[in-house]
Amino acid sequence: MSNKPFLVKIEKGKTYAWCQCAESENQPFCDGSHEKINAKNDNLIESLVEVNMISSKKEGKKLIAKDEKPMIVKAEKDTEVNLCTCKQSKNLPYCNDSHLSI
């Protein structure tokens with residue numbers, strides 16, 4: 001998969017499901033692949049109650065499963081936007097050129 005953004009036309013009033021899990025074959029949009037990932041990890045997540053991550057600088061942190069459901073975006077106007085595929089943008093779902101430093 002490319003980390004380059006997708007330039008897409010969005011239409012006012014339409015709702016789009018932007019992929020957060022990075023597994024969709026219909027990037028940058030969701031195709032339901034996050035459900036397959038969740039099914040594979042069900043046993044692990046159900047048995048994972050608390051895990052502490054220890055580092056010299058910080059106290060232990062509780063590890064939680066990442067929510068990888070799609071981000072729902074409703075277009076407020078007809079426009080073209082660059083949607084992020086590297087999933088590192090600070091302005092998700094829109095690209096902010098974070099892929100250039102990966």
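Brief remarks follow.
- Ranked list, fewest to most other Cβ atoms within 10 Å of each Cβ, for 72, 10, 102: 102, 72, 10
- Rounded to the nearest Hz, the phi-derived 3J(HN,Hα) couplings of the range 94-102 under the Karplus curve 6.51 cos²θ - 1.76 cosθ + 1.60 (θ = phi - 60°) are 8, 6, 10, 6, 4, 4, 5, 9, 8, where x marks glycine and proline.
Readers should treat all values here as calculations from the given coordinates under stated rules, not as data from a laboratory. Please read these numbers as outputs of a predicted model, since none were measured by experiment. All Cβ positions, glycine included, derive from the backbone under ideal geometry; neighbour counts span all protein chains shown.
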